[in-house]
Amino acid sequence: MAWTRRARTGTWDRFLASDPGLLRLMAGLRTVGAIGLALLVLDLMNIAVTEMVAGAMAAMVSTFAIRETRARGQAITLGLGLPVALVSLSLGAILNTRIVTGDLFFILLIFGAVYARRFGDRGTALGLIGFQIYFVSLFVHATVSGLPELYLTLAVAFASSAVVRFVVVPETPERTLDRLRRAFRARLAQLVATQIELLDTKPEDLDKVLADLRRQTARLHEAALMIQARLEDGTRDATTATLLQRRVADAEISAERLGVLLLNARSAGSADTLTLHLPNAPVPPPADPPVTEDDAIAVLRRDIKALHLLIVRLAPADRGTGLAHVRNRLLGYRDEENLPPASPGVQDVFRGLGEAARAVLGLRLALDGPEDESDDTPETTRSREEFEAEDIALGTPPEETEEDRTGLRRRTTRAAFQVSAGSALAIAGGEFLSSQRWYWAVLTCWVVFLNTSSTGEILVKGYRRLIGTVFGVVAGVLLAGLVGNNTWTAFGLVLLFIFGMFFTAPLSYALMSFFVTAMLGLLYTLLHTYSLAVLVLRIEETALGAACGIIAALLILPVKTDLRTDEQLRTVLARLREVVEAAVEQLSGGPAVDLVDMSRDLDTALDDLRRSTRPLTHPITPLRARRRSASYLVALLETCAYHARSLAATAELVPYSKSVAADPRLARAGRRITRNLDVIIERVRDENAEGEVTAGASIASMLEGGDSEAPRSGTVTFRVLRHLQRLDEGVVGLARPLNVPLAEREERTAA
């Protein structure tokens with residue numbers, strides 16, 4: 001019975017990890033539920049199939065368009081959406097036969113729908129509803145005489161959406177955040193399981209394990225960012241949000257650091273952190289551990305598995321003296337006296353285990369609250385006291401403000417002009433292809449602009465939509481022949497494809513386009529307008545719409561991919577400098593600041609840069625050297641961000657810890673890094689800017705002088721210096737791909 005329960009729990013954890021927060025599952029279920037309920041009600045009312053198709057599409061739009069997190073906001077937007085939909089449907093029916101006037105109004109509607117995105121989630125939703133319902137009126141060939149029945153259909157669709165959203169599949173920010181936390185725990189357990197493989201893997205299998213380790217590390221980071229995005233709405237107050245944010249950050253950093261230490265321990269030399277962030281990076285040669293370390297390696301293997309057990313049993317019901325004993329043993333490695341005799345690299349892994357166990361303890365306390373302390377060891381008690389001191393010191397974080405751009409430089413305004421221009425081209429070209437279904441080109445032009453910020457992103461998105469459409473047409477041809485005139489079988493498959501569309505949308509845009517096109521083939525079958533020529537026309541209109549979108553992006557207020565990535569690169573470098581400067585200052589004895597928020601700002605900026613460089617690193621790009629350079633640059637920045645987060649995490653302990661003391665000498669060690677970052681930022685801003693990146697003596701040697709002694713291995717200062725050294729090397733490494741001059745200085749090197 002216990003084995004069966006654990007197997008079910010493990011399967012559920014894997015599913016949670018694959019879909020953090022069950023966001024994709026809930027979106028699919030909510031949309032399919034709304035459509036299914038609308039179809040059932042309309043069928044009971046003996047509504048014609050054409051109106052049922054309109055109702056299904058309206059239910060889908062009214063469900064997926066609303067993105068607000070609170071039920072009250074969702075209800076208001078849904079209530080406002082119905083009159084917007086009714087007006088849009090009416091205008092579509094009236095202007096359907098007036099070609100020139102209808103086309104001009106459609107372009108104005110598109111401009112307004114895109115421009116409305118500047119007013120937040122509600123403006124975005126209402127604009128999307130207005131556009132999509134006008135599209136529905138064109139799809140079903142709405143007429144003025146048929147408006148009363150269509151009004152009734154829209155009312156049923158919106159009511160069905162409300163019933164499913166608020167009654168059948170209710171969703172609250174607190175519930176979503178809770179599932180995201182469980183997904184984070186599941187991904188954390190998967191990462192530690194991969195680290196266990198790293199410890200024992202054979203040299204010939206190391207590349208595969210490292211690839212898994214990179215993927216699991218990236219997935220854990222993604223889950224942490226998703227939690228960050230939901231904290232404000234999903235917690236009862238700002239203090240709780242800050243507490244959870246800090247605990248999640250600690251767990252992520254300690255887990256990533258444990259992987260670096262394991263790689264370093266099994267390598268003949270010091271492993272480069274870049275290996276964990278750059279695919280196909282050189283793998284360090286493995287070391288042959290001495291026979292005398294066999295016992296230490298066996299203990300290490302046992303305790304990494306024990307850490308995995310602690311993470312897996314992070315649920316409130318999983319308590320007991322056995323887990324307390326395991327936790328106490330791992331926390332004991334935070335004390336130098338408890339480290340087993342081994343090489344410095346292996347001892348570092350034990351220290352990393354102790355820090356990871358501390359992070360897991362903090363995560364449990366943040367999620368589940370206080371627990372029985374009767375089995376605590378002195379080290380566990382010390383860890384609890386550090387957490388309590390941090391909790392007391394937490395204040396309300398300041399609200400973030402961002403100065404928005406104005407005029408044509410504002411993203412929504414620029415996109416509105418671009419989409420409108422592209423849609424005008426798509427209407428003109430679509431009319432030549434088909435006077436009946438020209439709107440498919442307009443829809444494609446609209447879609448390729450959504451959530452894109454540069455010409456390169458639009459190009460890649462248009463290419464993926466075309467690929468998905470081609471394969472969707474093939475599937476539509478096959479399914480239309482199988483379904484025939486069986487209406488409910490077709491509707492059942494439509495619901496299945498809609499679920500697949502929403503479930504796969506965040507994972508693969510091409511796959512989502514496949515489901516959309518296959519679904520349309522079935523809808524045409526229901527409307528008795530299906531033919532192979534119609535689906536081939538769908539491909540032609542899609543290609544035309546994508547081309548019009550790309551042309552508009554190139555000619556109308558263009559934002560080149562290079563300019564967009566340079567802008568985001570400056571933001572990442574500026575955030576990196578802020579974190580390093582603040583962390584080093586706090587480690588040197590300066591005032592405490594909110595380093596967790598600063599680290600998350602860095603992560604968010606880096607994530608934006610990573611998305612912007614995808615067109616440059618996409619396999620279809622012909623510029624191979626440029627693709628390699630972009631991949632290397634992002635990997636270097638990820639490495640620098642990791643070491644900056646580690647510095648920040650250590651600096652966070654200084655005001656509260658009894659074992660981590662400030663070292664004033666560190667202030668001098670961080671100056672070269674911040675100065676080099678200033679030079680690189682200025683060079684990215686202006687290619688003609690003067691200044692050189694300085695490389696020279698090691699960071700450790702900069703601490704020597706006078707009566708100062710070199711930091712001992714295992715001390716906090718030594719660990720901080722290691723991160724500073726890697727950060728210094730990473731920043732200097734950025735100079736080459738960014739064409740920043742490097743000034744070599746002959747300086748004394750630390751012995």
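The values are calculated or read from the model by the stated rules, or taken from the named source; none is laboratory data. Because the structure is a prediction, the values reported are computed rather than measured. All Cβ positions, glycine included, derive from the backbone under ideal geometry; neighbour counts span all protein chains shown. These accessible areas exclude ligands, DNA and RNA; they are computed on the full protein's heavy atoms, side chains included. Shrake-Rupley method; radii C 1.70, N 1.55, O 1.52, S 1.80 Å.
In segment 127-267, a dipole from Cβ-located charges (positive for Lys and Arg, negative for Asp and Glu) runs towards its positive end, and of PHE184, THR143, VAL167 it is PHE184 whose Cα lies farthest in that direction. Measuring nothing but how far apart in sequence close Cα pairs (under 8 Å, 6+ apart) lie, relative to its length, segment 184-225 scores a relative contact order of 57 percent. Rolling a 1.4 Å probe over the protein chains gives SER531 an accessible area of about 40 Å². A simple count of charges around THR469, restricted to other residues whose Cβ falls under 12 Å of its Cβ and scoring Lys, Arg +1 and Asp, Glu -1, yields +1. Grab the other residues whose beta carbon is less than 10 angstrom from that of ALA249, score K and R as +1, D and E as -1, and report the net. Net charge in that neighbourhood comes out at -1. When peptides 142-154, 25-37, 583-595 are sorted by average Cβ neighbour count within 10 Å, with the highest value leading, the order is 25-37, 583-595, 142-154. The mean accessible area for residues of segment 461-560, using a 1.4 Å probe and ignoring ligands and nucleic acids, is 43 Å² per residue. Once a ≥ b ≥ c are taken as the square roots of the eigenvalues of the Cα gyration tensor of segment 8-73, is the result rounded (a/c under 1.5), prolate (a/b larger than b/c) or oblate (a/b not larger than b/c)? Note, shape of segment 8-73 comes out prolate. By definition, a body whose alpha carbon gyration tensor gives a ≥ b ≥ c is oblate when a/c is 1.5 or more and a/b is not larger than b/c, and segment 470-589 fits this oblate description.
Computed over neighbours whose Cβ is under 15 Å from that of ASN688, the net charge equals -4, Lys and Arg +1, Asp and Glu -1.
The accessible-area ordering, largest first, of the residues PHE417, PHE491, PHE514, PHE497 stands as PHE417, PHE514, PHE497, PHE491, per a 1.4 angstrom probe.
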